[in-house]
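Written below as structure tokens is the structure these notes are about.
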Amino acid sequence: MNDRIELHNESGYSEDLSCLYSGDIAEAAKRYGCTAVAVTDLNSVYAYGKAETALSQRNISMIYGITVSCVDAEDRYHVILLAKNLAGRDNIFRLAELLHENYLLLGHAVTREQLDAHRDGILMGAAAHDGQLVRAVQHRRNQQYLDTIAKSYDYIEFVPEPYDISAEVFQLAQKHGIPLCAVQYAVLNAENDPGEYHAYCALSNYYISYVKPAYLKPASELEEEIKTLYV
């Protein structure tokens, strides 16, 4: 698949568990023909400097992003932010500052009011993992609530499995004309040795992560899974 754009990548600077660093992501992106890559570490922008260098050396554009922990009156969830321009990048930096100024219940987070106040120049995505929309579907919230929060996003992430959750997310996106971004949880470095893979699994289990690491699937295989879901 040519001219791919990867909109969600997390490096070793992310609060989520990751064995990858900027060079790994850039090399994999080059191998799979990506023209642009978003860096969206959970609650961190520390990877930007090295990512800029690694991606520019391979003629790949960088999209400034972040996955933020957000809280509102009803829930705590993850939101994906992508900068459309320099104003958006500045707002991501400001939100990163607010993250570390706010120490709320269960850790650092921005409030939804702070997030909404810094939307200029930013595309906001509903995260597939611990996102507001996915959590609402899992908690069997009513249709009006689902419609309301879905329309607040510029795009929606989803994974092919579990099917029942993804199918409902897909239908909400279709209903409101919201772009979809298919994601999968993967170790992008296909040359990982068995020791590194074992270490990743051990750490994942230690942190009670329910996402099993997997190597990047060929674009054709992922595309086939997505087509099956759409049908």
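Laid out as a table, the results:
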| read-out | value |
| --- | --- |
| In order through the range 155-172: 3J(HN,Hα) via Karplus (6.51 cos²θ - 1.76 cosθ + 1.60), integer Hz, x for Gly, Pro | 7, 10, 7, 8, 10, x, 10, x, 4, 5, 5, 5, 4, 5, 4, 4, 5, 5 |
| Accessible area (Å², 1.4 Å probe, nearest 10) - residue 170 | 40 Å² |
| Distance (nanometres) between label positions extended 7 Å along Cα→Cβ at residue 94 and residue 119 | 1.4 nm |
| Under 15 Å from the Cα of residue 50 - aspartates and glutamates, other chains or at least 8 residues apart | 10, 24, 27, 41 |
| Length added when fully stretched, residue 46-residue 76, from 0.36 nm per residue minus Cα-Cα | 8.5 nm |
| 14 Å Cα-Cα reach of residue 84 towards aspartates and glutamates, excluding residues that sit fewer than 8 places from it in its own chain | 120, 154 |
| Distant-in-sequence amide H partners of residue 41 (H built 1.01 Å from N, under 5 Å) | 11, 67 |
| Long-range HN-HN contacts of residue 64 with modeled amide H, under 5 Å | 83 |
| Normalised contact order of the range 1-88, rounded percent, pairs of Cα under 8 Å and 6 or more residues apart | 26 percent |
| Qualifying chymotrypsin sites (Phe, Trp or Tyr not before Pro) in the range 15-64, DSSP loop, other Cβ atoms within 10 Å at most 16 | 21, 32, 46 |
| In Hz, Karplus ³J(HN,Hα) per residue of the range 122-131 (6.51, -1.76, 1.60; θ = phi - 60°; x = Gly, Pro) | 10, 9, 10, x, 7, 5, 6, 10, 6, x |
| Length released on extending from residue 108 to residue 130, taking residue separation times 0.36 nm less the Cα-Cα span | 6.4 nm |
| Percent of beta bridges antiparallel (DSSP, the range 54-147, rounded to nearest 5) | 80 percent |
| Projected-area average for the range 57-117 over all orientations - Cα convex hull basis, square nanometres | 5.0 nm² |
| Gain on full stretching of the segment that runs from residue 36 to residue 147 - 0.36 nm per residue minus C-alpha separation | 36.9 nm |
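The values are calculated or read from the model by the stated rules, or taken from the named source; none is laboratory data. Fair warning: this is a prediction, and the values are worked out from it, not measured in the lab. Note that each Cβ is placed from the backbone with ideal geometry, even for glycine, and that neighbours are counted across all protein chains shown. Protein only, heavy atoms only, side chains kept; ligands, DNA and RNA dropped before computing areas. Shrake-Rupley method; radii C 1.70, N 1.55, O 1.52, S 1.80 Å.
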